[in-house]
C-alpha cells in the first residue's frame, strides 16, 4: 500500500475516483457506529511558500528524526536499491543524470543538524561528481554479496550529510552493479517510483547529449512540509482521531507469534532478509481473476490470507497489523520526492468458523476505512491513545504487511544494459516481522524482513511457504473455513505426522503385568523385589504373598475390573496391595489417608468402588468417610486377615490386557474430580517403555517417592519389577525432609528416581556438599516445566548421571514423551522430547490438523497408553477423547490434553503452557475451577477466583481472591473450612479479600486484570509490626528471599504469604547455612512466623553480620568418572514389628543370592540399614568428545540395556 497499487494500471486520478466510489458504496452507518470516512471537506492544497520562508520538517520527518536519535547507528531507515547491469553504461552520463536528480529534488541534498534539541533543515551544494566508481573485477559472488551488505547497512550522519550514496561497482567482463542508497528522511516508496522514472529519462538524455523532457515541478517538498503544519491540513485531525480511537478500542496490544528465541527486554534492530520468492504464474493469474470477480484489490486478498496465517500461527482472533500508506492526501503531492509515507493500523478479527470470503469482506471494510482516515500521523495516534512504550516491541503492532507496486525500477531505468534488480539487505528490522510483496507487470515477488533477536532464517522461510500454501488454497476454495485452510504441503505434512507417530515397538503386551511378574519371580526368586527402611521382600516372597492375598480377595468377591479402593498411608504395603488386586482381576484405586475425609468420600462416591481395603491404623478415618456416604454408595470393607490359610501357588490369569488396571483421580474443572481409567495394556506398555528407554535391568533400584494421587507412583511401584530390579519405597516423613531424603537415596543405592523439579531442587539444597549420589544413573523429571539451570546444577553434582524430561498426563498412562538430557539445555526451557515407545504426540490446531514446526498447537496424545476414559463421565470422556483423525484402526482415539506445545526445528517437542484453567503446582495437576467451586460453596463467600503465582520456573502456588458476603468473614476460618474439602496441595497459600473482582465488558471474570492486581491487599495475613531485634531481622531477610517479597511482618505466617512445604525446606536450608543452626522443619509448621526465635538452637551472636546467602543449589567441583562403590549388605527385616495382613513380618528368613556378601554386624551400624542387592558392576561413563566435554544426544534413545557398572 505504500505505492499507488490498489488498482493494476489506473492513472492516479482514476484511482482516486475509484476509491471515492468504493467508499460511497459502503453500507450506510448505523446510529451507534462511526462513519467509515472522515467528514468531507474541500481540502486546500499546498502552494509555493513566500520568498525567504524558513524550511521546516514535515510531521513524518520529525517522527523519523526522533526515531533515528534513539538509535543513531541503526540501518533500519536506510533505503537501498541495486541493479546488475550486464553491459556497461556511460559513467559520465550516469553521473550527470544523478546530479540532475539532486538539482531537481533539493530534499535529496538535505542534512538535519540539531539546535537546542530540535532538528533543523539545511541543504548541501551539489558536488562536481556524485557517482563513486569502484573496481571490483576480482570479486567473487560471495565477496560481491558482502560488499552489497556493507553498502546497505552503513548508517548515515544526519548532522553532516549527505543522505545519499551512489556507487558503481565494475565487475569482471562488461558487468557493473549500480547502487543507490538513501536515508528514509528524504524518500519513501512512492518517491522511489518517481526517482527511477526520472533517472531513466535523465540518463537517456545525457547519453544522447539532449535536454531531458521533464516538466518543471510546481512545488518542492519544503512547500508540502510547510503546508502540513497549516490549519487547513490539520483541521480534520480531531475527527480522524475520534474514528481511530473507536476503531482500536479494546484492541490487544501484542501479537504473540511463536518465536525461536525468547523476547529480550530490549529488542535490538538486528534483522535479516529472506530470499525473494516469485509467485508461480498460475497463482498470479488466479489472484488477479479472483480480485476482479470479488471486486477487491490484490492488497485486500493478500492481506486477508496473511491475517488467516497470523491467526493460525498465534491462535489470536483479534490483532493489529501495520501497513504503510503513501500519505499523499492531495493530488499536487503525487510527483514530489520526499517522506510522505504514513502507517495505518489494520485491526483484524478472525472467526475461525467463517469462510475465507467472510474474512475478506471484513478486511475490505477495514482497509477502506483505514485508507479513508490515513491522514492522521501515526505518531499522533500513538500519543493520543497513551500507548505504553516498550523497548521490547513497537507500539500498537509488531508485524507489518506491505504491497508495493513497482511502477519504475532501477533496472528499468537502463533498458539498454539488460539490467536486473538485486536485493540488498540492511541487516536491520524495525519490527518483529515485515512481510512485503512487490507487484509488477510480470507478477509478484514475496519476501520478509525479520528480527534476528526472535527468529531464525529457516522459520521465516517456512512461514512464507505456509503463506503461499494457504493463499493457494483460499483462492482455489474461497468458501473454506479459515481454520481448515491448508498450511502444510503434502511432504511437510507427512513428515510432521511421521514424527508424531514413530514406528511401534514389539513389546510382549499379550499378557497383563501379573504374568510378567510371576515369570520374573521364577527366574530370580532370591533377588530383592521390594524394600523400604524397615522391610524387604524377595521376588519369591512377594510372589507367594500376593498370590495368597489375591485368593483372599477373590474369596470376598473381587472379580474382573472390580474397583478396590486402598485406604492408607503410602508404604510398601501399598505396593503389595496393588499387585494383589491385579492378580485378583480387580482395579486399584488409591485413597491417601492424609486427605480430608470429605475429599475421600467424594472420591469413593465418584468412583462407585464396590470395595475398600484399609491398610494400617485407619479405622476411625474409614468410619468418618463411610458416614459421609449414603448407604447405597458405601463400599464393602475388605480384610486380609488369615492369609496363612491361603495357598501361595500362582492363580490362573484373571485379567486380560484390555482389563481395567487402575483408577486415578485428577482435578476437575467443574468442581468434580475426574477418575481416569487405565487398562493393563496401557500400564504395561508404559512400564516396558520406560524400562527400554532407561535401560533398566536387575541391578537397578527405582525410588518410590511419589504421593499416591500422583500418576508416576504406579510406575515407581512396578517399573523395576518386569526386569528383575528393586522398588525402594521411602516413607512420607523422610520425603518431607530433604536432608533425610538425600541420605535415604544415597544409602539405599537408588539408581533411578522420578520427581517434579521442585523436589529435586529441595534435594540439592538439603544434601550435604560432599553428596554426589554415585549410584544414581537416571533422574527423570516431570509434572512441571524443567528449568535448565536445575539440570546444570544436578549434572555438576552428579556427573555420571543422566536426566530425562518426561511429559504426559494421567490420561496417557503417565508418560507420553521423553527428552534425554546429557548436558543442560542452553535456552530458557527444557524440551519434552519425542513420543515414548508406542505412543503418539500430535500438535494440532482447532480443526484437528497438524500445525507446522515452530507453531503452537494443542497436544493430542495417542497410542497404546490412551486411557479408557473417566469413571461415570461419558460426556466428559466424549469431549476429551476424540476419534483419531489419522488412524486406520477402528475405534482409535486421541486424548485432547489441553496443553499447548510445538515441534522445534530439530525434531523435539516443547511444552508451552495450558490452554485452559488447569495448572500444575509443584507437579500436582489442579483445575482452578474445582478450587473456585469449593471456595464458592463456603459460607461467607459471595464470589471467588483463584490464580497461580510464580516466583520462578519451579516455584508456583495458588492465591485465592474472595469477595465476602458479610464483613464478619474471616480468612482463617475460610482456610480451615476449605481444608476440610480439598487436599493440601489444592489449598491456596495466599488469600486476598476484595469488595469485588474485575470483570470484562461482558460481565465475565477478567483473569488478566486479576493476575495484575497486587497481592499486598491482605492485611489480615500480615500482622505484628516489623521484626524486632537483630535475630528477627536476619530471619526476615531469609523469609523475604525465599518468599520473593520485599518485606514481612513479625507475626505473618510463612504459609499464608505463599510458602509451601518445598519452599519451607529451602528456608530451613538457608537458616542452616546462614545462621549455623539446625531448624527442625516441623517447628516451622507449628510456628511459621519470624517472631519465634526460641525454636533456634544455639544461634550465632546476633551482632555478627548476615553471611552471604547460599545459591539455590549447592555446587561441587565436578569429579572424574570412576567405578561405583560396592553395594552394602541388606539388613534382615525387623522381627518385632506388629503382625498384620500387610506387615513387614515374614514367615521365614529370606533366601539371599549366593553371590551376595554374607551379612555381618558391621553392615548396619552406625549408619541406617541398607538392603542387600547383587554385587556391583562398573558404571560406563557418559561418552566424551575429543575435547573432553560430554556429548549430548538428546534425540537418541537411551540404550536398551544398562551399561555394566
(message) For the range 449-501, give me each residue that is in contact with a helix residue (DSSP H, G or I) (Cβ under 6 Å, 6 or more places away or on another chain) and under 13 Å from residue 851 (Cβ atoms).
(response) 470, 485, 486, 487
(request) Please go through the range 77-90 and pick out each residue that is assigned to a loop (DSSP other than H, G, I, E, B) and closer than 17 Å to residue 164 by Cβ. (result) 77
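Yes/no matrix, rows are residues, columns are (1) under 30 Å from residue 205 (Cα atoms); (2) touching a residue at least 12 places away in the same chain (Cβ under 8 Å); (3) out of contact with any helix residue (DSSP H, G or I) (no Cβ under 6 Å at 6 or more places or on another chain):
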{"position": "119", "(1), (2), (3)": "no, yes, no"}
{"position": "136", "(1), (2), (3)": "yes, yes, yes"}
{"position": "146", "(1), (2), (3)": "no, no, yes"}
{"position": "149", "(1), (2), (3)": "no, yes, yes"}
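Can we say residue 548 is in contact with a helix residue (DSSP H, G or I) (Cβ under 6 Å, 6 or more places away or on another chain), within 23 Å of residue 531 (Cα to Cα) and surrounded by fewer than 24 Cβ atoms within 10 Å (Cβ to Cβ)?
yes
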(request) Run down 630, 657, 590 and say which single residue is within 30 Å of residue 933 (Cα to Cα) and surrounded by 18 or more Cβ atoms within 10 Å (Cβ to Cβ). (result) 590
(request) Just give me the residues in the range 519-537 being out of contact with any strand residue (DSSP E or B) (no Cβ under 6 Å at 6 or more places or on another chain) and farther than 14 Å from residue 573 by Cα, in sequence order. (result) 519, 520, 521, 522, 523, 524, 525, 527
(request) Only residues that are surrounded by fewer than 23 Cβ atoms within 10 Å (Cβ to Cβ) and more than 19 Å from residue 677 (Cβ to Cβ): list them for the range 556-572, please. (result) 556, 557, 569, 571
(request) Tell me, please, whether a residue that is at pLDDT 95 or above, touching a strand residue (DSSP E or B) at 6+ places or on another chain (Cβ under 9 Å) and surrounded by 19 or more Cβ atoms within 10 Å (Cβ to Cβ) can be found in the range 383-399. (result) yes
(message) I'm told residue 146 meets every condition in (1) more than 43 Å from the chain's Cα centre (by Cα); (2) closer than 21 Å to residue 171 by Cβ; (3) part of a helix (DSSP H, G or I) except one. Can you identify the failing condition by its number?
(response) (1)
(request) Of all residues in the range 400-423, count the ones that are crowded, with 21+ Cβ neighbours inside 10 Å and not in a strand (DSSP E or B). (result) 6
(request) Quickly run through the range 485-507 and pick out the residues that are in contact (Cβ under 8 Å) with a residue 12 or more places away in the chain and closer than 26 Å to residue 658 by Cβ. (result) 500, 501, 502, 504, 505, 507
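To keep it simple, each residue is scored yes or no on (1) surrounded by 15 or more Cβ atoms within 10 Å (Cβ to Cβ); (2) touching a residue at least 12 places away in the same chain (Cβ under 8 Å); (3) closer than 18 Å to residue 213 by Cα; (4) in contact with a helix residue (DSSP H, G or I) (Cβ under 8 Å, 6 or more places away or on another chain).
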residue	(1), (2), (3), (4)
68	yes, yes, no, yes
73	no, yes, no, no
77	yes, yes, no, yes
80	yes, yes, no, yes
87	no, yes, no, yes
97	yes, yes, yes, yes
101	yes, yes, yes, yes
106	yes, yes, no, yes
(request) Take the range 850-882 and flag every residue that is more than 20 Å from the chain's Cα centre (by Cα) and part of a loop (DSSP other than H, G, I, E, B). (result) 864, 865, 866, 867, 868, 871, 872, 873
(request) Out of 433, 422, 410, report the one residue that is in contact (Cβ under 8 Å) with a residue 24 or more places away in the chain, closer than 21 Å to residue 184 by Cα and in contact with a helix residue (DSSP H, G or I) (Cβ under 6 Å, 6 or more places away or on another chain). (result) 410
(message) Take the residues in the range 1010-1029 that are modelled with pLDDT under 85 and part of a helix (DSSP H, G or I); name whichever of them is surrounded by the most Cβ atoms within 10 Å (Cβ to Cβ).
(response) 1021
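The values are calculated or read from the model by the stated rules, or taken from the named source; none is laboratory data. Owing to the predicted nature of the structure, the values given are computational and were not obtained by experimental measurement. Glycine also receives a Cβ, built like all others from the backbone with ideal geometry; neighbour counts cover every protein chain displayed.
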